[in-house]
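Visitor: One structure follows; several queries about it will come next.
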(Lines give C-alpha, C1' and ligand atoms only; values in the text may rest on other atoms or scores of the structure.)
Protein backbone atom coordinates (compact mmCIF):
# COMPACT_ATOMS: atom_id res chain seq x y z
CA UNK A 1 0.00 0.00 0.00
CA UNK A 2 2.78 2.46 0.94
CA UNK A 3 4.62 1.53 -2.26
CA UNK A 4 1.62 2.42 -4.43
CA UNK A 5 1.14 5.71 -2.59
CA UNK A 6 4.78 6.64 -3.19
CA UNK A 7 4.54 5.59 -6.85
CA UNK A 8 1.41 7.70 -7.42
CA UNK A 9 2.93 10.69 -5.63
CA UNK A 10 6.11 10.51 -7.70
CA UNK A 11 4.19 10.04 -10.96
CA UNK A 12 1.91 12.99 -10.21
CA UNK A 13 4.86 15.18 -9.19
CA UNK A 14 6.87 14.27 -12.28
CA UNK A 15 3.96 14.93 -14.65
CA UNK A 16 2.99 18.15 -12.86
CA UNK A 17 6.52 19.51 -12.96
CA UNK A 18 7.03 18.45 -16.58
CA UNK A 19 3.87 20.22 -17.70
CA UNK A 20 4.74 23.30 -15.63
CA UNK A 21 6.96 24.23 -18.59
CA UNK A 22 3.74 25.12 -20.40
CA UNK A 23 3.96 28.40 -18.48
CA UNK A 24 7.21 29.26 -20.25
CA UNK A 25 5.75 28.48 -23.67
CA UNK A 26 2.65 30.53 -22.84
CA UNK A 27 4.67 33.46 -21.54
CA UNK A 28 6.96 33.46 -24.60
CA UNK A 29 3.96 33.31 -26.94
CA UNK A 30 2.16 36.15 -25.20
CA UNK A 31 5.38 38.20 -24.94
CA UNK A 32 6.05 37.73 -28.63
CA UNK A 33 2.47 38.73 -29.45
CA UNK A 34 2.75 41.92 -27.38
CA UNK A 35 6.02 42.83 -29.12
CA UNK A 36 4.85 42.25 -32.68
CA UNK A 37 1.44 43.80 -32.07
CA UNK A 38 2.50 47.02 -30.32
CA UNK A 39 6.05 47.53 -31.57
CA UNK A 40 5.91 46.15 -35.11
CA UNK A 41 2.19 46.66 -35.68
CA UNK A 42 1.78 43.13 -37.04
CA UNK A 43 -0.29 40.94 -34.68
CA UNK A 44 -0.24 37.16 -34.96
CA UNK A 45 -3.24 34.94 -35.56
CA UNK A 46 -2.02 32.15 -33.29
CA UNK A 47 -0.97 33.71 -29.94
CA UNK A 48 -4.43 33.52 -28.37
CA UNK A 49 -4.68 29.83 -29.26
CA UNK A 50 -1.24 29.13 -27.79
CA UNK A 51 -2.18 30.77 -24.50
CA UNK A 52 -5.48 28.85 -24.31
CA UNK A 53 -3.87 25.53 -25.18
CA UNK A 54 -0.91 25.92 -22.81
CA UNK A 55 -3.02 27.14 -19.90
CA UNK A 56 -5.62 24.42 -20.38
CA UNK A 57 -2.96 21.73 -20.61
CA UNK A 58 -1.18 23.00 -17.50
CA UNK A 59 -4.45 23.21 -15.57
CA UNK A 60 -5.52 19.67 -16.49
CA UNK A 61 -2.16 17.94 -16.11
CA UNK A 62 -1.46 19.64 -12.78
CA UNK A 63 -4.62 18.28 -11.16
CA UNK A 64 -3.14 15.01 -9.87
CA UNK A 65 -0.06 16.82 -8.58
CA UNK A 66 -2.29 19.29 -6.71
CA UNK A 67 -4.27 16.39 -5.24
CA UNK A 68 -1.04 14.70 -4.10
CA UNK A 69 0.06 17.94 -2.42
CA UNK A 70 -3.36 18.33 -0.77
CA UNK A 71 -3.79 21.64 -2.55
CA UNK A 72 -7.39 21.48 -3.74
CA UNK A 73 -9.98 23.70 -2.11
CA UNK A 74 -11.83 22.40 0.95
CA UNK A 75 -13.58 23.83 3.97
CA UNK A 76 -10.41 23.87 6.09
CA UNK A 77 -11.92 26.10 8.76
CA UNK A 78 -13.99 23.09 9.87
CA UNK A 79 -11.91 20.21 8.55
CA UNK A 80 -8.63 21.15 10.25
CA UNK A 81 -10.26 21.07 13.72
CA UNK A 82 -11.19 17.40 13.36
CA UNK A 83 -9.10 14.47 14.58
CA UNK A 84 -7.12 12.84 11.70
CA UNK A 85 -9.25 9.68 11.87
CA UNK A 86 -12.43 11.75 11.46
CA UNK A 87 -10.84 13.57 8.53
CA UNK A 88 -9.94 10.21 6.97
CA UNK A 89 -13.48 8.84 7.40
CA UNK A 90 -15.04 11.92 5.79
CA UNK A 91 -12.46 11.93 2.97
CA UNK A 92 -13.01 8.23 2.30
CA UNK A 93 -16.77 8.67 2.00
CA UNK A 94 -16.42 11.75 -0.22
CA UNK A 95 -13.93 10.04 -2.54
CA UNK A 96 -16.41 7.28 -3.28
CA UNK A 97 -19.49 9.50 -3.41
CA UNK A 98 -18.12 12.34 -5.53
CA UNK A 99 -14.49 12.05 -6.61
CA UNK A 100 -14.41 8.68 -8.37
CA UNK A 101 -17.79 9.08 -10.15
CA UNK A 102 -16.71 12.54 -11.34
CA UNK A 103 -13.30 11.36 -12.52
CA UNK A 104 -14.78 8.33 -14.31
CA UNK A 105 -17.22 10.68 -16.05
CA UNK A 106 -14.29 12.90 -17.04
CA UNK A 107 -12.36 9.95 -18.47
CA UNK A 108 -15.25 8.46 -20.47
CA UNK A 109 -16.67 11.77 -21.70
CA UNK A 110 -13.14 12.97 -22.48
CA UNK A 111 -12.41 9.78 -24.41
CA UNK A 112 -15.52 10.27 -26.52
CA UNK A 113 -14.70 13.95 -27.04
CA UNK A 114 -11.04 13.25 -27.96
CA UNK A 115 -11.97 10.41 -30.33
CA UNK A 116 -14.38 12.65 -32.22
CA UNK A 117 -11.83 15.46 -32.32
CA UNK A 118 -9.11 13.19 -33.72
CA UNK A 119 -11.61 11.75 -36.20
CA UNK A 120 -12.29 15.00 -38.00
CA UNK A 121 -8.98 16.75 -37.28
CA UNK A 122 -10.47 19.52 -35.17
CA UNK A 123 -8.89 22.97 -35.45
CA UNK A 124 -9.27 26.02 -33.23
CA UNK A 125 -12.23 28.28 -33.86
CA UNK A 126 -10.67 31.17 -31.92
CA UNK A 127 -8.48 32.45 -34.74
CA UNK A 128 -8.19 32.31 -38.52
CA UNK A 129 -4.92 30.37 -38.22
CA UNK A 130 -6.82 27.09 -37.84
CA UNK A 131 -4.36 25.63 -35.34
CA UNK A 132 -4.94 21.89 -34.82
CA UNK A 133 -6.27 21.17 -31.33
CA UNK A 134 -7.34 17.53 -31.58
CA UNK A 135 -4.13 16.29 -29.96
CA UNK A 136 -4.78 18.50 -26.94
CA UNK A 137 -8.21 16.95 -26.41
CA UNK A 138 -6.35 13.78 -25.38
CA UNK A 139 -5.09 15.73 -22.36
CA UNK A 140 -8.58 15.41 -20.86
CA UNK A 141 -8.29 11.62 -20.80
CA UNK A 142 -4.67 11.61 -19.60
CA UNK A 143 -5.50 14.03 -16.78
CA UNK A 144 -8.48 11.89 -15.76
CA UNK A 145 -6.36 8.75 -15.63
CA UNK A 146 -3.68 10.49 -13.54
CA UNK A 147 -6.33 11.83 -11.17
CA UNK A 148 -7.83 8.34 -10.86
CA UNK A 149 -4.43 6.85 -9.97
CA UNK A 150 -3.76 9.61 -7.45
CA UNK A 151 -7.29 9.18 -6.07
CA UNK A 152 -6.57 5.52 -5.34
CA UNK A 153 -3.42 6.62 -3.50
CA UNK A 154 -5.45 9.14 -1.51
CA UNK A 155 -7.94 6.44 -0.51
CA UNK A 156 -4.99 4.32 0.64
CA UNK A 157 -3.79 7.34 2.65
CA UNK A 158 -7.20 7.48 4.32
CA UNK A 159 -7.01 3.78 5.18
CA UNK A 160 -3.49 4.26 6.57
CA UNK A 161 -4.71 7.19 8.67
CA UNK A 162 -7.65 5.16 10.00
CA UNK A 163 -5.21 2.45 11.10
CA UNK A 164 -2.48 4.67 12.55
CA UNK A 165 -4.25 7.91 13.47
CA UNK A 166 -1.76 9.98 11.44
CA UNK A 167 -1.68 11.18 7.86
CA UNK A 168 1.04 9.84 5.60
CA UNK A 169 2.68 12.88 4.04
CA UNK A 170 4.07 13.00 0.52
CA UNK A 171 7.84 12.50 0.38
CA UNK A 172 8.34 14.49 -2.80
CA UNK A 173 10.80 17.37 -2.40
CA UNK A 174 9.04 20.43 -3.59
CA UNK A 175 8.76 24.15 -3.47
CA UNK A 176 6.74 25.69 -0.67
CA UNK A 177 4.31 28.57 -0.69
CA UNK A 178 5.77 31.81 0.65
CA UNK A 179 3.45 31.94 3.67
CA UNK A 180 4.46 28.40 4.69
CA UNK A 181 8.14 29.33 4.55
CA UNK A 182 7.54 32.51 6.52
CA UNK A 183 5.54 30.62 9.15
CA UNK A 184 8.38 28.11 9.56
CA UNK A 185 10.91 30.91 9.86
CA UNK A 186 8.72 32.59 12.47
CA UNK A 187 8.48 29.37 14.49
CA UNK A 188 12.23 28.74 14.43
CA UNK A 189 13.32 32.35 15.06
CA UNK A 190 14.57 33.06 18.59
CA UNK A 191 12.32 35.15 20.75
CA UNK A 192 12.82 38.85 20.22
CA UNK A 193 14.76 40.51 22.97
CA UNK A 194 12.54 42.93 24.81
CA UNK A 195 13.90 46.37 25.27
CA UNK A 196 13.76 47.56 28.88
CA UNK A 197 12.49 51.05 29.46
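The values are calculated or read from the model by the stated rules, or taken from the named source; none is laboratory data. A quick note: this is a predicted structure, and the numbers were derived from the prediction, not measured. For neighbour counting, all protein chains shown are included, and Cβ atoms are generated from backbone atoms with ideal geometry for every residue, glycine included.
Visitor: From the list 162, 182, exactly one residue is exposed (fewer than 12 other Cβ atoms within 10 Å of the Cβ) and in a helix (DSSP H, G or I). Which is it?
Guide: Exactly one of 162, 182 is exposed (fewer than 12 other Cβ atoms within 10 Å of the Cβ) and in a helix (DSSP H, G or I), namely 182.
One line per residue, one yes/no per condition, for (1) closer than 18 Å to residue 140 by Cα; (2) at pLDDT below 95; (3) in contact with a helix residue (DSSP H, G or I) (Cβ under 6 Å, 6 or more places away or on another chain); (4) in a loop (DSSP other than H, G, I, E, B):
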{"position": "8", "(1), (2), (3), (4)": "no, yes, yes, no"}
{"position": "59", "(1), (2), (3), (4)": "yes, yes, no, no"}
{"position": "65", "(1), (2), (3), (4)": "yes, yes, yes, no"}
{"position": "77", "(1), (2), (3), (4)": "no, yes, no, no"}
{"position": "91", "(1), (2), (3), (4)": "no, yes, yes, no"}
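Visitor: Shifting gears a bit: Identify, from the list 102, 119, the residue that is more than 24 Å from the chain's Cα centre (by Cα), part of a helix (DSSP H, G or I), surrounded by fewer than 17 Cβ atoms within 10 Å (Cβ to Cβ) and modelled with pLDDT of 90 or more.
Guide: 119
Yes/no per residue for (1) in contact with a strand residue (DSSP E or B) (Cβ under 8 Å, 6 or more places away or on another chain); (2) loosely packed, with under 13 Cβ neighbours inside 10 Å; (3) assigned to a helix (DSSP H, G or I); (4) in contact (Cβ under 8 Å) with a residue 24 or more places away in the chain:
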site: 85; (1), (2), (3), (4): no, no, yes, yes
site: 88; (1), (2), (3), (4): no, no, yes, yes
site: 115; (1), (2), (3), (4): no, no, yes, no
site: 126; (1), (2), (3), (4): no, no, no, yes
site: 129; (1), (2), (3), (4): no, no, no, yes
site: 141; (1), (2), (3), (4): no, no, yes, yes
site: 147; (1), (2), (3), (4): no, no, yes, yes
site: 153; (1), (2), (3), (4): no, no, yes, yes
site: 168; (1), (2), (3), (4): no, no, no, yes
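Visitor: A further question on this structure: Within segment 33-43, does at least one residue satisfy the condition of being modelled with pLDDT of 90 or more, under 30 Å from residue 160 (Cα atoms) and not in a helix (DSSP H, G or I)?
Guide: no
Visitor: Here's a follow-up. What is the one condition in (1) in contact (Cβ under 8 Å) with a residue 24 or more places away in the chain; (2) under 30 Å from residue 159 (Cβ atoms); (3) over 16 Å from the mean Cα position of the chain (by Cα) that residue 64 does not satisfy?
Guide: The failed condition is (3).
Visitor: All but one of (1) under 18 Å from the mean Cα position of the chain (by Cα); (2) surrounded by fewer than 15 Cβ atoms within 10 Å (Cβ to Cβ); (3) under 29 Å from residue 177 (Cβ atoms); (4) at pLDDT 90 or above hold for residue 73, so report the exception by its number.
Guide: Failing condition for residue 73: (4).
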